[in-house]
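J.: Got a structure for you, written out below as structure tokens; questions coming shortly.
The values are calculated or read from the model by the stated rules, or taken from the named source; none is laboratory data. The model shown is predicted, which means the values in this text are computed figures rather than measured ones. So basically every Cβ, Gly included, is an ideal-geometry build from the backbone, and we count neighbours across all protein chains shown.
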Amino acid sequence: MSLTLEEAITQAAGLICDTNTFVRAVLSGRRRNMQTQTTRIDIRPVRIKVSILLQIIENDGRQTTTTNVEPKTIEIEKLLSSGYANILVEHAQGSMSIRITKKQQPLIHFETGANNQNLEHDRVKPRLLDSADPFLKEVGISDSAGHIKPSRQDKYKQVEEFLRLLAPALDAAIEAGHIPRPTPAKPLKIVDLGCGHAYLTFAAHQYLRSTGIPIHVTGIDVRKDSRIRNEAIARSLGIESSIEFRAEEISQTTLTGADVVIALHACDTATDDAIAWGINNDAKLLLVAPCCHHDLQSQMQTSPEPWSLVTRHGLMKERIADLLTDSLRAQILKLHGYRTDIVEFVGGEHTPRNLMIRATKTGAKPDLAEQQRYEELVQMWGVEPALALKVHQ
Ligand SMILES: C[S@@+](CC[C@H](N)C(=O)[O-])C[C@H]1O[C@@H](n2cnc3c(N)ncnc32)[C@H](O)[C@@H]1O
């Protein structure tokens, strides 16, 4: 018997309010023509003194707000009907998911299987990635007890913060119609270029899947040993049907087409290969955190005056070259129809390589003045960015 949306929401609300068996719920994505206050809401039961309350964790992509409420004081059905397109509810005996299509049709799915309740109230800082997620143990970020290893804290933080920027950018691109709403038949295609040990690749897979988005993720790295290791991890997690790895040069990969390109610290001009691959393959969303920059620095033999006041100091020259490299990358993306900005994605205390180039393909026609300004800047510095040579015109 198929349920109506209202019946499904009533049933999901009932599962959430049964605090003896409720494990967690996730509300994400936006229904067509509806606005939501936040990007994502996580709900879980917590024991506070003698009562079991519902902890509501609201995330708007930058900030997280946590409140603990008595189940009977909150209108769960109203919250579930407030505009989120994906609702996942896990309980002790299984899960229920509701995905509301563009045509406002509910796709309802039930699964059976044991889930454990965790009523501890110690998650002062809600994470997108549960430190006990088996993938974090497999990739070596968490220990066997599910705690982040002290030596891997920075990597964990980087990956978390990357996802915090990916989630809202993806929702916005889907909402605006830049990326078609993913379905099980046509899942969201993500490629992680220069994936290395695939911390981010697995994290993106696990996190997006937990929000109910059908996905297929590909990790590409030139190192064959990385591919073998990552494939073994995917098999042990039982996710090999939705994640794959290739040992290829980014510029030589035979992969064609992806909705989203991610790249975290792909070395030097491998970042340019990643951006060029995204542009050349018409990717709709690119999130790229660059690594070391050597290309422009080695080209900057003389400086347009009076800039030698700055570049005569080696450290300053390096920084100017870094800024110039990423500014020109952003501009090239803009000239190829991407709305582009550069943001900080993790505090400088975790990594000095903490910028992210974020670009969404809107198809906006490049402005002639923008093209001229780009040309002026490269001529002024006498440089030719690697990216410019890699993108097809
Ligand atoms: C600094 S690691 C970052 C790995 C991963 N993204 C992370 O953040 O943990 C850079 C990775 O890029 C890979 N790489 C560098 N140049 C590449 C290229 N041209 N094609 C494919 N992979 C490349 C390296 O093998 C290495 O694994």
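J.: Report whether or not residue 218 is at pLDDT 95 or above, of a type in the set (Val, Ile, Thr) and surrounded by fewer than 24 Cβ atoms within 10 Å (Cβ to Cβ).
T.: Taking the combined requirement at face value, the residue satisfies it.
J.: How many residues are of a type in the set (S, T, N, Q) and at pLDDT 95 or above when one looks only at region 256-307?
T.: Going residue by residue through region 256-307, those that are of a type in the set (S, T, N, Q) are 256, 269, 271, 280-281, 297-299, 301-303.
Then keep just the ones that are at pLDDT 95 or above; that gives 271, 280-281.
Looking only at that region, the number is 3.
Conditions (1) part of a helix (DSSP H, G or I); (2) in contact with a Phe, Trp or Tyr (Cβ under 6 Å, 6 or more places away or on another chain); (3) more than 21 Å from residue 260 (Cβ to Cβ), marked per residue:
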residue	(1), (2), (3)
309	yes, no, yes
317	yes, no, yes
321	yes, no, yes
324	yes, no, yes
334	yes, no, no
341	no, no, no
353	no, no, no
365	no, no, yes
371	yes, no, yes
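J.: While we're on this one: Would you mind stating whether residue 19 is assigned by TED's automatic domain parsing to the domain that holds residue 72, in a loop (DSSP other than H, G, I, E, B), over 21 Å from the mean Cα position of the chain (by Cα) and over 21 Å from residue 108 (Cα atoms)?
T.: It is true that residue 19 is assigned by TED's automatic domain parsing to the domain that holds residue 72, in a loop (DSSP other than H, G, I, E, B), over 21 Å from the mean Cα position of the chain (by Cα) and over 21 Å from residue 108 (Cα atoms).
J.: Return the residue satisfying two criteria in turn: it lies in region 285-307 and is in contact with a helix residue (DSSP H, G or I) (Cβ under 9 Å, 6 or more places away or on another chain), in a loop (DSSP other than H, G, I, E, B) and more than 10 Å from the ligand (Cβ to nearest atom), and of such residues it is nearest to residue 180 (Cα to Cα).
T.: My answer is 290.
J.: Output yes when any residue across region 127-137 is of a type outside the set (A, V, I, L, M, F, W, C), in a helix (DSSP H, G or I) and either outside the structural domain of residue 43 (by TED's automatic domain parsing) or closer than 30 Å to residue 196 by Cα (or both), and no when none is. Before the answer, list the steps.
T.: Of region 127-137, the ones of a type outside the set (A, V, I, L, M, F, W, C) are 127, 130-131, 133-134, 137.
From what's left, in a helix (DSSP H, G or I): 134, 137.
Of the ones still in play, those that are also either outside the structural domain of residue 43 (by TED's automatic domain parsing) or closer than 30 Å to residue 196 by Cα (or both) are 134, 137.
Scanning region 127-137, I find at least one residue that is of a type outside the set (A, V, I, L, M, F, W, C), in a helix (DSSP H, G or I) and either outside the structural domain of residue 43 (by TED's automatic domain parsing) or closer than 30 Å to residue 196 by Cα (or both), so the answer is yes.
J.: Follow-up. Quick one: would you say residue 332 is in contact with a helix residue (DSSP H, G or I) (Cβ under 7 Å, 6 or more places away or on another chain) and within 24 Å of residue 157 (Cα to Cα)?
T.: No; evaluated as a whole, the condition is false for this residue.
J.: Right, something else. Under 17 Å from residue 259 (Cα atoms), modelled with pLDDT of 90 or more, within 13 Å of the chain's Cα centre (by Cα) and outside the structural domain of residue 30 (by TED's automatic domain parsing): does that describe residue 200?
T.: For residue 200, the condition - under 17 Å from residue 259 (Cα atoms), modelled with pLDDT of 90 or more, within 13 Å of the chain's Cα centre (by Cα) and outside the structural domain of residue 30 (by TED's automatic domain parsing) - is met.
J.: It is to be established whether one or more residues within region 306-328 are closer than 30 Å to residue 254 by Cβ, without any contact (Cβ under 8 Å) to a residue 60 or more places away in the chain and charged (D, E, K, R).
T.: Yes, region 306-328 has at least one match.
J.: Shifting gears a bit: Out of all the residues in region 25-35, which are surrounded by 15 or more Cβ atoms within 10 Å (Cβ to Cβ), at negative phi and in contact with a helix residue (DSSP H, G or I) (Cβ under 9 Å, 6 or more places away or on another chain)?
T.: Step one: filter region 25-35 for residues surrounded by 15 or more Cβ atoms within 10 Å (Cβ to Cβ), giving 25-31.
From the residues that got through so far, the ones that are at negative phi too are 25-28, 30-31.
Listed by number, the residues that qualify are 25, 26, 27, 28, 30.
J.: Please work out which one of (1) surrounded by fewer than 17 Cβ atoms within 10 Å (Cβ to Cβ); (2) touching a residue at least 60 places away in the same chain (Cβ under 8 Å) is the condition residue 206 fails and give its number.
T.: Unmet for residue 206, out of (1) surrounded by fewer than 17 Cβ atoms within 10 Å (Cβ to Cβ); (2) touching a residue at least 60 places away in the same chain (Cβ under 8 Å): (1).
J.: Only one of (1) modelled with pLDDT under 95; (2) in contact with a Leu (Cβ under 9 Å, 6 or more places away or on another chain) fails for residue 195. Which number is that?
T.: (1)
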